[in-house]
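Below is one structure, written out as structure tokens; comments come after it.
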Amino acid sequence: MMSDVTLINIKEEILAENKGRATKLRAGLDDKGIFLVNFMSSPGSGKTSLIVRTIEQLRDQFRIAVIEGDVDSAVDAERVAEEGVPAVQIKTGGSCHLTAAMVEKGLDALSLESLDLLFLENIGNLICPVGSDTGAHLNVALLSVPEGDDKPLKYPKIFKTADAFIVNKTDVLDYFDFDLESFKRRMRRLNPEAPLFEVSCKTGEGVDLWSRWLRGRVRAPAS
Ligand SMILES: Nc1nc2c(ncn2[C@@H]2O[C@H](COP(=O)(O)OP(=O)(O)O)[C@@H](O)[C@H]2O)c(=O)[nH]1
Ligand SMILES: [Mg+2]
């Protein structure tokens, strides 16, 4: 006997609704001349550290603010605020990624007239943030040396879709069997185009190259 079942695909509906909001949000930021960068990685890869280092490099050229996403704390926003830039903390209360609606709430707490560049720290994991458009102009994925060079094999989607990559913690390369060439090969198979920056947020090595490239992207006209 055929059962009379109505199937409602909530996930697709939610993603489509989010995509619509994100597209509007991006257009609104374009109107205001604000460039939004979304940082994604596992917990502890160095998102907050990279944001702080990048602020140090670019604060003379751009008016910067940060929206921090976390499941339940404000420590990252407090760390960023120490740099003297406006920082907003979004607590998702369990959700493993930021949505465009959450970013809209973050924007409400900032004075957008006095902003050029906005950093968004997504929730730490390599899976959930990937499918959820935040309205960002640029999606940056970080991987740190202690996590291992096999991550493109395990989490291909984030490596396929990111616009730029950071390998962070290069200062500890000698202590881990992270093979940079294997990582690059695996990554390039998924994403031949996106630039890759080797960085140590601890020593500052490579931060200037990354920041210079980002500065060029911020100044490039919106496509
Ligand atoms: N050795 C080393 N440690 C780092 C580096 N970048 C960040 N860390 C440390 O890694 C930990 C997690 O960094 P954090 O920026 O909070 O990562 P997040 O969770 O991705 O935001 C902190 O203890 C940082 O001091 C780096 O380049 N080298
Ligand atoms: Mg952080």
Fill in: Answer residue from the range 1-54, given it is under 20 Å from the mean Cα position of the chain (by Cα) and of a type in the set (S, T, Y) and is farthest from N168 (Cα to Cα) among those
T23
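Pick out the one residue from V75, V88, V71, V37 that is within 13 Å of ligand 2 (Cβ to nearest atom), of a type in the set (A, V, I, L, M) and either within 17 Å of P129 (Cβ to Cβ) or touching a Gly at 6+ places or on another chain (Cβ under 9 Å) (or both).
V71
Does any residue of the range 14-37 turn out to be among the polar types (S, T, N, Q), out of contact with any Lys or Arg (no Cβ under 8 Å at 6 or more places or on another chain) and closer than 30 Å to E198 by Cα?
Scanning the range 14-37 turns up no residue that is among the polar types (S, T, N, Q), out of contact with any Lys or Arg (no Cβ under 8 Å at 6 or more places or on another chain) and closer than 30 Å to E198 by Cα.
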Worksheet entry | The listed residue being within 16 Å of ligand 1 (Cβ to nearest atom) and at pLDDT 95 or above, out of G46, G33 | G46
Worksheet entry | Identity of the residue in the range 47-68, surrounded by 24 or more Cβ atoms within 10 Å (Cβ to Cβ) and within 9 Å of ligand 2 (Cβ to nearest atom), that ends up nearest to T134 (Cα to Cα) | E68
Fill in: Pick from the range 178-223, criterion within 16 Å of ligand 1 (Cβ to nearest atom), closer than 23 Å to D149 by Cβ and acidic (D, E), ranking: most open to solvent (accessible area, probe 1.4 Å)
E205
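Filter the helices (runs of 4 or more DSSP H) completely within the range 119-223 down to those with at least 1 residues that are free of Cβ contacts under 8 Å to residues at least 40 places away in the same chain and touching a His at 6+ places or on another chain (Cβ under 9 Å).
none
Rundown of residues vs (1) surrounded by 13 or more Cβ atoms within 10 Å (Cβ to Cβ); (2) in contact with a Leu (Cβ under 8 Å, 6 or more places away or on another chain); (3) under 18 Å from L110 (Cα atoms), yes/no style:
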{"position": "L7", "(1), (2), (3)": "no, no, no"}
{"position": "A16", "(1), (2), (3)": "no, no, no"}
{"position": "A22", "(1), (2), (3)": "yes, no, yes"}
{"position": "M40", "(1), (2), (3)": "yes, yes, no"}
Worksheet item: Can you name every residue in the range 155-172 that is over 21 Å from N38 (Cβ atoms) and either surrounded by fewer than 15 Cβ atoms within 10 Å (Cβ to Cβ) or at pLDDT below 95 (or both)?
Response: V172
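The values are calculated or read from the model by the stated rules, or taken from the named source; none is laboratory data. Not measured: the values here are computed from a predicted model. Here the Cβ is made from the backbone with ideal geometry for all residues, glycine too, and neighbour counts use every protein chain on show. In case anyone asks, the SASA skips ligands and DNA or RNA and just uses the protein heavy atoms, side chains included. Shrake-Rupley method; radii C 1.70, N 1.55, O 1.52, S 1.80 Å.
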